[in-house]
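J.: Take a look at the following structure, please.
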Amino acid sequence: MAMPVSSGVSTESPAAQAPAGHALARIGRAVRSNRKAATGTILLLIFILIALFPGVIAHHSPTADAYPPHLGPSTAHPFGTNSYGQDLFAQVVYGTRNVLIIAFAVGLLTTGIAVLIGVAAAYLGGGWDGTLGVLTDVLLVIPLFPLLIIIAAYAHGGTTIVLIAAITLTSWSYTARQLRSQALTLRNRDFLAAARVRGERKLYVIVMEVIPTMTSLIVASFLTNALYAVLLASSLQFIGLGDPNTVSWGTTLYWAQNNAALQTGEPLWAIAPGACIALLGAGFALLNYAFDEIGNPALRPVRRSKRVRSA
């Protein structure tokens, strides 16, 4: 969001000057006019609808072993059945919910922690900035995936809650560093000086004045964190550090790998959940790129100039 230009001290913040409804309408128009955002939104909405209404799409139980094993694709079983006689299409459809729960929970929690720590460190400065900066740097230098493997192995069974907690507690540092850098550029702006002159408390200034001006970056950070949550959780489940009884794309890949699905003529057992992970990741990534273009003023003139030259 653009900062107000004034020769004196502004008495209102950008958040106060722009109604929330107008900001949401502007974001909606920007998303509709951006092909990447539109494509990413469509993909994400499809997966959300599948997660909300799996029984409408798949009419078989994902855990029932009541069917002949090794069946090929058919109208009754679109992806066939696995070695245990379970319907693969039902497993993929019902597994969507677990993946999205992890993605949105980790995305919201990780971004929330990063916003509080990163913005607070930048605005408060001094000892606060030093302490929070050291904590952030320590997590940044530790390899993330090996750390997650150790935590999940120590937990003896990575349930959904364990995976959410482990990924959240280890993944906020990079986002916090980004938000701290952005907040540092805002610390001496006129609208924050006006808030301090009015005697506003520091917590109020951070929550009501600083954070609303960083909406595009925060949304992009949420999308990035959700994307990495899908990849990390599915990877942990694939190597056997998740709960094998949970219906999820990662656990489906785990059982497919254990039964050598690709070598025994059951490729859809591995390809279908892998393709879903790729499509969901593409949806998050496209939305992330689109919000980067929407929120970064330096990119918009470049895009317009390219259109003029092509014309």
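J.: Name every residue in the range 68-105 that is small (Gly, Ala, Ser) and assigned to a loop (DSSP other than H, G, I, E, B), in order of residue number.
T.: Hits for the range 68-105 are Gly72, Ser74, Ala76, Gly80, Ser83, Gly85.
J.: Which of the residues belonging to the range 40-67 are surrounded by 14 or more Cβ atoms within 10 Å (Cβ to Cβ), in contact with a Gly (Cβ under 6 Å, 6 or more places away or on another chain) and not in a helix (DSSP H, G or I)?
T.: Tyr67
J.: Which number in (1) in a helix (DSSP H, G or I); (2) more than 20 Å from Ile113 (Cβ to Cβ); (3) in contact (Cβ under 8 Å) with a residue 60 or more places away in the chain marks the one condition that Thr215 misses?
T.: (2)
J.: Name, by its number, the condition in (1) in contact (Cβ under 8 Å) with a residue 12 or more places away in the chain; (2) part of a helix (DSSP H, G or I) that does not hold for Leu203.
T.: Checking Leu203 against (1) in contact (Cβ under 8 Å) with a residue 12 or more places away in the chain; (2) part of a helix (DSSP H, G or I), the one that fails is (1).
J.: Okay, next question. Just one of (1) open to solvent by 60 Å² or more (accessible area, probe 1.4 Å); (2) closer than 28 Å to Thr175 by Cα; (3) of a type in the set (Gly, Ala, Ser) trips up Gly250, so point out which.
T.: (1)
J.: I'd like to check something: does the range 179-196 contain any residue that is open to solvent by 50 Å² or more (accessible area, probe 1.4 Å), acidic (Asp, Glu) and over 26 Å from Leu108 (Cβ atoms)?
T.: yes
J.: Can you pull out the residues in the range 68-89 that are open to solvent by 50 Å² or more (accessible area, probe 1.4 Å) and among the polar types (S, T, N, Q)? Spell out how you get there, then give the answer.
T.: Just the residues of the range 68-89 that are open to solvent by 50 Å² or more (accessible area, probe 1.4 Å), to begin with: 68-71, 73-76, 78-79, 84.
Selection gives Ser74, Thr75.
To keep it simple, each residue is scored yes or no on (1) modelled with pLDDT of 85 or more; (2) farther than 22 Å from Leu232 by Cα; (3) charged (D, E, K, R).
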| site | (1), (2), (3) |
| --- | --- |
| Ile117 | yes, yes, no |
| Ala121 | no, yes, no |
| Gly125 | no, yes, no |
| Val134 | no, yes, no |
| Asp137 | no, no, yes |
| Phe145 | yes, no, no |
| Ile149 | yes, no, no |
| Ala153 | no, no, no |
| Thr160 | yes, no, no |
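J.: Within the range 59-98, can you find the residues that are closer than 16 Å to Ala270 by Cα and of a type in the set (Val, Ile, Thr)?
T.: Of all residues in the range 59-98, those closer than 16 Å to Ala270 by Cα come to 62, 69-73, 77-96.
Residues satisfying the conditions are Thr81, Val92, Val93, Thr96.
The values are calculated or read from the model by the stated rules, or taken from the named source; none is laboratory data. These figures come from a predicted structure and were not determined experimentally. Neighbour counts run over all protein chains shown; Cβ positions are idealised from the backbone, glycine included. With ligands, DNA and RNA removed, areas are computed over all heavy atoms of the protein, side chains included. Shrake-Rupley method; radii C 1.70, N 1.55, O 1.52, S 1.80 Å.
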